[in-house]
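These notes concern the structure reproduced below.
Computed from the coordinates by the stated procedures, all read-outs in this text should not be read as laboratory data. Bear in mind the structure is a predicted one, so any value in this text is a computation, not a measurement. Cβ placement follows ideal geometry from the backbone for every residue including glycine, while neighbour counts extend to all protein chains displayed.
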Amino acid sequence: MNIDLERIRGSLLSEPLTGHFVQEDGGEDLELTPAAVLFPIVRRDEFPTVLLTQRTAHLKDHAGQISFPGGRVEAEDPSPVHTALRETEEEIGLDRQHVDVLGFLPEYRTGTGFRVTPVVALVNPPFELALDPFEVAEAFEVPLGFLLDPANHKRHSLHYRGALRHFYAMPYGDYFIWGATAGMIRSLSERLAFPGLHAP
């Protein structure tokens, strides 16, 4: 499946917009901590992939989950792009010289109290990674076509903080991609409005 990367670029916001956001179920009344993640689309010869990480099991926030590289905004960060690139370098050692920012998805407000700016970017191989063993257990790639295909977006629910919460998941092999990561992927899929992609 040939995915038009220029079409993706055209679907994105050129800058983060205040008041334009996606609200995750269960987070409506929480105080929100600003954060940013890199949505890294790797330009592979056969088909584009998305670079994801699995967080280590001992972390305080989202332990063991599949996530985009990224994290909290620090006081010295001048922009969400800076936060996403800095955190990506710290977590997986991806040098920013390999990263071309395409644009932004709407802010994603999580049920755990974060307001996340997703920074969508192309990653140009070859590159080397150096994982921070405290934060990242593994880095891996998933075909972009698989992630964007609505047929692979499975609706789930669980009880959290005394209420039934709904979320999407995208199981891929041994990986269970869910929560905010799946929500941001679905945000891109909806903006593209592909009628039926299929992974290569």
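Let me check against my output: what whole-number percent is the relative contact order of segment 65-117, with C-alpha pairs under 8 Å and at least 6 apart? All intermediate terms of the calculation are to be shown ahead of the outcome.
Details: 38 pairs, mean separation 12.5, N = 53.
It rounds to 24 percent for segment 65-117.
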In nanometres, the difference between 0.36 nm per residue of separation and the alpha-carbon distance of residue 95 and residue 45 is 16.0 nm
Computed over segment 5-144, the relative contact order (Cα-Cα under 8 Å, seq sep at least six) in percent reads 36 percent
With label points set 7 Å from each Cα along the Cα-to-Cβ direction at residue 129 and residue 20, the distance between them in nm comes to 3.0 nm
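What does the extension gain come out to for residue 33 and residue 141, with contour length at 0.36 nm per residue minus their alpha carbon separation?
On the way: separation 108, 0.36 × 108 = 38.88 nm, distance 2.79 nm.
Extra length from residue 33 to residue 141 when fully extended: 36.1 nm.
Based on the alpha-carbon set only, what is the convex hull volume of segment 5-144 divided per residue, in Å³?
Details: hull volume 16.5 nm³, N = 140.
Hull volume over Cα atoms, normalised by residue count, gives 118 Å³.
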